Amino acid sequence: MLNSRLLIVLLYASVIFFAAGCASALIFARNHDQSRKVTHALASAGAFLILVLSILGLAGGSFRILVPFILPIGGGLALGLDRLSAFFLLIIAVGVIPSTLYAISYTRHYKNSQLLLGFALNVLVPAMMFVVLARNALTFLIFWEIMSLASYFLVMTESERDDTRSAGWLYFVMTHAGLGCLLIGFLAMAQATGTFVMADWAKAAANLSPETRNLIFLALAAGFLSKAGAIPFHVWLPRAHPAAPSHVSAIMSGVMIKLGIYGLIRIGFDWLGAGPAWWGVFILMIGAMSALLGVLYAIIDSDLKRLLAYSSVENIGIILLGVGAGLLFRSYGLGSLVSLALLASLYHCLNHAAFKSLLFLGAGSILHATGTRNMEEMGGLLGRMPQTGALFLIGSLAISGMPPLNGFVSEWLMFQSLLLSFRVPEQIFNLVFALSIAALALTAGLTAACFVRAFGITFLALPRGEKAPQAVEVDRIMLGSMAALAVLCLALGVAPVMVLGPLSGTVSELAGERPDLSFSFTNMAAAGSFATISPFWIALAFGFFLAAVWAGMRLGGVNLSRRYYETWGCGRALQTAQFEYSASAFSNPFRRVFAFLYRPDEQTTIEAHPESRLFVKTIAYHSQSHSIVEESIYAPIGRAIRRAAMKVRGLQSGNVHSYLLYILLALLVLLLFAR
């Protein structure tokens, strides 16, 4: 057993670094260059200590801290470390360290926002850390709110923009609606069990009525799913993440939304004890819907950062498939399958933190070089930004589940956990699993198409915008941060055993059994001989094939120098960017196939040639898609609120006597209920 004193020292040291980062933001408020360097370097140092703390926690280290006088209500400030908390600390470190290093250079052009960026970021990261370390309800809620407020101010960095203010307002509303659900669930749990201490909830929850447990589960699940960005609670995510600076987008999308998954795992496998099967079905359906709709909206969006944000909704859906499967398996006492499903979910959480942070940082480099997020104005960037293009390609392959990268391993594990559902005796639940498998398979194919589009339209062919031809490669700090994440994507794909080993111990603590998975450095096998795979040998074969092709070309005397040829253009001598596939053209088949979902408004304007109407001068095409979730759920709610507000606005008369009467009536009602 590791010395808990060492772990506590690491925790305190990390807090000191973040506090120093906040202080530096204030001290260097007028020295923008010094501020961005010092504040982000200190945040990176604090995150590095979180990394060390997480590794020691996964190795079996733990601690408990209770400071009663800081929070006298609710049992004081209570913190603790176990394996699950340690794993999410690892996710925080993986996303934060490269993002903060990247920000040292990237935030150079945010001249008037250095104080906000440096201070809020050094508040956000420790707040996320304390959320996963919280051991009573009040500690959890306080740091959850601090995390939400810090991220809100980071989203509002460019508050002079109308779209940023709109995104920030929506994020503020949705995150506090989620907080309201958490507050209701935690207070109900504390009242029903008689304690705010989370460690005591599991035992006390066994004595609660099924109705009470179900209501608490729904309230808490709504709050955590809102933070995770799962459909139908996702509406803030595609707006807030693109509005934030790119390194903040990487942290929010790669790290922060995973804390919703953390909370969901806690309530489903720890705080509330074993639940009924419908809990798992509910999460499975939310996961399948999020995965499919997320990638379908990503594949038609031309805003590169919003595409990545919708892709985060999709990946949260994939993670939720494993959580839902684990809950359903648990209701039937299939402990080894519970562990396998949780293993797949948690490993995908880590993988998503790596490749989504890489992609957002890559998008930030593109935005830094071109000044736009619109893929229609890009093209040809690979020749101007070859290193960024190569790193973005690695991230695209990883998120598409291509071997030998990390996304392939976690999606393979997810498929195996779902395919083993035949051990569940109920046919209706077998049907639910079959639909989930189909959703996951379709999502995997659509994701590959989505990132073929994202990479191809952005980096290949000829430049289409005015600034794309002037793009230049970003500096070494930004490239190094992305390269570290790319290497991590490869390492997690080639040698998953280095994480699956300690992670198996984490999930076995929650499920009570080891996952039905055997693995070594070279092979993995699910359920004995049910399915086997070797990521190491796949990577080795892939590397050998590339080396053999290169050697064969060298031995065969093939000219490997760059050669220039004009592509065939149907008889036209000179090719221009007008002959290329645009982002809209690439996604048009999907718009047509899924028109019932997108509900597109299409408009085509044709201008005839002035000398003859038989010749066309210009053709303009515009297509606007609509969100079925927003139009079906949120738009009616918004209209109802506005109608109600119009009806009661007469109460706000401006008359002081009327307001005094309202106060008197409120006091009388309170006195009546107090009796």
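Taking a threshold of 29 Å on the Cα-Cα distance, which of the pairs K227/K467; K111/K305; K467/K617 fall above it? It would help to have the intermediate numbers written out before the result.
Values: K227/K467 36 Å; K111/K305 22 Å; K467/K617 26 Å.
Over 29 Å Cα-Cα: K227/K467.
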Requested in this report: Positive end of the charge dipole of the chain (Lys, Arg +1 and Asp, Glu -1 on Cβ, about the Cα centre): tell me which of G229, H247, Q603 has its Cα farthest that way.
Outcome: H247
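Net charge near L446, counting Lys/Arg +1 and Asp/Glu -1 over other residues with Cβ under 12 Å of its Cβ? Display every interim value, and only then the final one.
On the way: positive: R453; negative: E314.
Neighbour charge sum, excluding L446 itself: 0.
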Query raised in the report: Taking θ as phi - 60°, what are the ³J(HN,Hα) couplings along the range 251-268 by the Karplus curve (6.51, -1.76, 1.60), each to the nearest whole Hz, with x for Gly and Pro?
Result: 5, 5, 7, x, 10, 4, 5, 5, 5, x, 5, 4, x, 5, 5, 4, 6, x
Query raised in the report: What nm distance separates the two modelled labels at N559 and I538, each placed 7 Å from Cα along Cα→Cβ?
Result: 3.9 nm
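How much net charge surrounds A277 when only other residues with a Cβ under 15 Å from its Cβ are counted (Lys, Arg +1; Asp, Glu -1)? It would help to have the intermediate numbers written out before the result.
On the way: positive: R213, R330, R423; negative: E426.
Surrounding charge for A277 is +2.
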Report task. Would you pull out the residues with amide H under 5 Å of N136's amide H, same chain only if 5 or more places away, H placed 1.01 Å from N? Result -> A78, M198
Query raised in the report: Looking only at Cα atoms, what is the convex hull volume of the range 628-674 per residue, in Å³?
Result: 92 Å³
Query raised in the report: Roughly how many nanometres apart are two label points built 7 Å out from the Cα toward the Cβ at S529 and S612?
Result: 7.4 nm
Report summary line: Sorted by chain and then number, the residues having a modelled amide H within less than 5 Å of the amide H of M378, at least 5 places away or on another chain, are R464, G465
Query raised in the report: Which loop-located chymotrypsin sites (Phe, Trp or Tyr not before Pro) does the range 1-104 contain, where loop means any DSSP state but H, G, I, E or B and the Cβ has at most 12 other Cβ atoms within 10 Å?
Result: F69
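Return the calculated 222 nm mean residue ellipticity for the chain, to the nearest 500 deg cm²/dmol, obtained by summing -39500 (n - 2.57) across DSSP H runs with n ≥ 4 and dividing by the residue count. Walk me through the numbers before you get to the answer.
Working: 24 runs with 442 residues, N = 675.
-22500 deg cm²/dmol, from helical runs alone.
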Query raised in the report: Can you list the aspartates and glutamates whose alpha carbon sits under 12 Å from that of K356, skipping same-chain ones fewer than 8 residues off?
Result: E314
Query raised in the report: When the Cα centres of the range 228-250 and the range 622-646 are compared, how far apart do they sit, in Å?
Result: 19 Å
Report task. List, in order, the whole-Hz ³J(HN,Hα) value for each residue of the range 17-29 obtained from phi through the Karplus relation with A = 6.51, B = -1.76, C = 1.60 and θ = phi - 60°; use x for Gly and Pro. Result -> 4, 5, 5, 5, x, 5, 5, 5, 4, 6, 5, 9, 4
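Can you give me the Kirkwood hydrodynamic radius for the chain, using every pair of distinct Cα atoms, in Å to one decimal?
Numbers: mean 1/r = 0.0375 Å⁻¹.
Its Kirkwood hydrodynamic radius stands at 26.7 Å.
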Requested in this report: Just order 143-153, 307-317 by mean Cβ neighbour count inside 10 Å, highest at the front, would you?
Outcome: 307-317, 143-153
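Every number here is computed from the coordinates shown, using simple stated rules; none is lab data. What you see is a predicted model, and the numbers here were worked out from it, not measured in a lab. Don't worry about glycine lacking a Cβ; one is built from the backbone with ideal geometry, like all the others, and counts go over all protein chains shown.
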